[in-house]
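Contents: one structure, followed by commentary.
Here, each number is a calculation from the coordinates, and none is a lab measurement. In this text, all values refer to a predicted model and were calculated from it rather than measured experimentally. Note that each Cβ is placed from the backbone with ideal geometry, even for glycine, and that neighbours are counted across all protein chains shown.
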Amino acid sequence: MIKLVRVDHRLVHGQVAVSWFNSLDVNTIFVVNDDVAHDDFRKSAIRLAKPEKSKLVMKSVADSIKAINSGVTDKYKMLIVVESVADAVELIKGTGDKITSLNLGGTKPREGTTNYSKTINLTAEEANELAQLQQKGVDVWIQQVPNDEKQEFHKK
């Protein structure tokens, strides 16, 4: 069962490992990113940040889509973390109606981005992709930590 899909360029860190993990009552963190899936150093760093007694899965976007669509992940209560809007869009499009909401937790400032909140910076292309997801019924919202107020995403 997918409890939350979160975009966070830092992937697994204190906010994810403590705040979100505990508030969602999940038992699995599923990191979906092509680079991480093939980088042993990054995998090792992420393993250090995972909560004790939790399951941690790290897969490429394509392999994650296959796993979710096959039903093999249904037995887990999962927090899915992706590094970028592009990863999220590909995952959501590839899994049909299995993902109905997307939390924007952190995207770093880059050249050509617009600031949407203190932690969300998006290119025009990313904002358009998120707006398209919304048009298809996906709830897209900004919230850094569970105690923050949920802010609906509105394209600027």
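So the values come out like this:
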{"item": "Residue among 57, 36, 32 that is under 22 Å from residue 89 (Cα atoms) and either without any contact (Cβ under 8 Å) to a residue 12 or more places away in the chain or in contact with a Ser or Thr (Cβ under 6 Å, 6 or more places away or on another chain) (or both)", "result": "32"}
{"item": "Cβ pairs under 9 Å, 6+ apart, first in the stretch 10-22 and under 14 Å from residue 32 (Cβ atoms) and in contact (Cβ under 8 Å) with a residue 24 or more places away in the chain, second part of a helix (DSSP H, G or I) and of a type in the set (D, E, K, R)", "result": "11/42; 12/47"}
{"item": "Hey, residue 72 under 16 Å from the mean Cα position of the chain (by Cα) and either more than 22 Å from residue 10 (Cβ to Cβ) or not in a helix (DSSP H, G or I) (or both) or not", "result": "no"}
{"item": "Positions within the stretch 98-129 being in a helix (DSSP H, G or I) and without any contact (Cβ under 8 Å) to a residue 12 or more places away in the chain, in sequence order", "result": "125"}
{"item": "Identity of the residue in the stretch 46-61, surrounded by 14 or more Cβ atoms within 10 Å (Cβ to Cβ) and assigned to a helix (DSSP H, G or I), that ends up nearest to the chain's Cα centre (by Cα)", "result": "61"}
{"item": "Leading residue by the ranking (nearest to residue 107 (Cα to Cα)) among those in the stretch 13-44 that are small (Gly, Ala, Ser) and exposed (fewer than 14 other Cβ atoms within 10 Å of the Cβ)", "result": "14"}
{"item": "From 131, 127, 88, residue being buried (at least 21 other Cβ atoms within 10 Å of the Cβ) and closer than 19 Å to residue 155 by Cα", "result": "88"}
